[in-house]
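Written out below as structure tokens is the structure these notes cover.
The values are calculated or read from the model by the stated rules, or taken from the named source; none is laboratory data. Note that the coordinates shown come from a computational prediction; the quantities given were computed from them, not determined experimentally. Glycine also receives a Cβ, built like all others from the backbone with ideal geometry; neighbour counts cover every protein chain displayed. For the accessible areas, the whole protein counts, side chains as well, though only heavy atoms, and no ligand, DNA or RNA atoms are used. Shrake-Rupley method; radii C 1.70, N 1.55, O 1.52, S 1.80 Å.
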Amino acid sequence: MIVRIIFSSGAGRETAAAEPQRRVQIRIIVTTKRFDSHDHDGTVADVTTPARTWQCLGVPIDCVAQPGGTELAPDSLRHAGVGDGPPLIDLGDTRSRLRDPVRDHETGVVAGEDVVGLTAELRERIAGRPEPQTPLLVLGGCCTLLPGVLGGLRHHGDDVALVYLDGHVD
């Protein structure tokens, strides 16, 4: 199975937050067709996998440990129409936030204790979600969420596939 997610928008990070009326086109295509690197129009001629229900979990965090930024991603993506595609069961958002802006002098990590708490919450939420065989779409914008997500998915011994989209090199 191949999952292809297509984003298209003229809006940048600041614009999306400042102008919520602007819509971002987000399509999730689940298919067995292989796409070559030049297939950018989203046209799928031989979709063989029917639409299926997905679960969605928001992770509103930002690794600079201040409100705003990528904390806004889950709500912004929902507002932009993420749930308008295949059937989506929204599991809500995590409660953990990164708030301690102090960088540890030895490790270089910002909000280390908050990160550990978030990782544990994510692992528990994902491992304990109803119907764990249902595909999961995680809405966020901070790579700090990855260890908890992958730990939760691996809890059931599943093979894990990751589609990671990033708007910039970091």
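In the range 77-110, which residues are among the small types (Gly, Ala, Ser) and either open to solvent by 80 Å² or more (accessible area, probe 1.4 Å) or under 25 Å from Arg129 (Cβ atoms) (or both)?
Result: Ala80, Gly81, Gly83, Gly85, Gly92, Ser96.
Take the residues in the range 61-95 that are among the β-branched types (Val, Ile, Thr) and part of a helix (DSSP H, G or I), then tell me which one is farthest from Val138 (Cα to Cα).
First, the residues of the range 61-95 that are among the β-branched types (Val, Ile, Thr): 61, 64, 70, 82, 89, 94.
So of that shortlist, the ones also part of a helix (DSSP H, G or I) come out as 70, 82.
Working: Thr70: 13, Val82: 11 Å.
The selected residue is Thr70.
Across the range 118-137, what is the total count of residues that are under 12 Å from the mean Cα position of the chain (by Cα) and open to solvent by 40 Å² or more (accessible area, probe 1.4 Å)?
Final tally of qualifying residues: 0.
Which of the residues that make up the range 96-140 are in a loop (DSSP other than H, G, I, E, B) and closer than 14 Å to Cys56 by Cα? Give the derivation first.
Start the filter on the range 96-140 by keeping residues that are in a loop (DSSP other than H, G, I, E, B), which leaves 96-102, 104-109, 111, 128-135, 140.
Gly128, Arg129, Pro130, Glu131, Pro132, Gln133, Thr134, Pro135, Gly140, listed by residue number.
Tell me which of these Asp159 doesn't satisfy, since it passes every other one: (1) assigned to a loop (DSSP other than H, G, I, E, B); (2) in contact (Cβ under 8 Å) with a residue 12 or more places away in the chain.
Exception for Asp159: condition (2).
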